[in-house]
Every structure is written in C-alpha cells, then in structure tokens.
Amino acid sequence: MTSRKSKGQPYEPGTVPAPGMLLDWRDARHFDARQDRPCTLCLRPTPMRSHAGEAVHKVCAESWLAANPVEARPSRFANDLQAKRRSDTGHA
C-alpha cells in the first residue's frame, strides 16, 4: 500500500533551525498557487504556508525563530523532513 500525502493537508515537520539559520522549505506544499492569504506575522499577502498550513512568509518565519529561540523548540515553523541521501552514510 502506498502512502500519498494530500495537498493542503498538514504534514510532518523536521527539525527547527538554529537562530539565524534559514528554513529548508523545498517541498511544494509550502506554496499555495490558488490563493494568497495574510501572513500571520506581518499581515501582507503570501502564497507560502507552514507545515500546519499557516500563511506565513518564509523570511517572517525565520525572523520569528531568531527572535524567539526559547519558544521555537516546539515550533510552529520547522524544516522539511529530508530523506537520507547516499552521501550522508559517511562513505567517500
């Protein structure tokens, strides 16, 4: 049985980046081509979405993480889960 992740449904986040580091949001589900919504942090329109579907600019989420490092641990903003690549196995 194959697991399919539905577009628009929340999906599992990965790690929270250290303050000042960039979020890795490569998954296309972070972009909603159908509708811009107000960013929850700056209120300007954005097609970007967090893992939970919250409208937020990536740069606003990164700024929030840098300004709130203590609150960031159980964060609403996190990196995408990345499958291990063969080069990550430690073999040259």
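The values are calculated or read from the model by the stated rules, or taken from the named source; none is laboratory data. Everything quoted here is computed from the prediction, not taken from an experiment. Using ideal geometry, Cβ is built from the backbone for each residue, glycine included, and neighbour counts are taken over all protein chains shown.
Which residues, taken from region 56-77, are surrounded by 13 or more Cβ atoms within 10 Å (Cβ to Cβ) and β-branched (V, I, T)?
Matches in region 56-77: V56, V59.
If I filter region 57-86 down to residues being touching a strand residue (DSSP E or B) at 6+ places or on another chain (Cβ under 6 Å) and part of a loop (DSSP other than H, G, I, E, B), which single residue comes out as modelled with the lowest pLDDT?
Going through the qualifying residues, I end up with A78.
Is there a residue in region 33-51 that is surrounded by 12 or more Cβ atoms within 10 Å (Cβ to Cβ), touching a Pro at 6+ places or on another chain (Cβ under 6 Å), outside any strand (DSSP E or B) and modelled with pLDDT of 85 or more?
Yes, the conditions are met somewhere in region 33-51.
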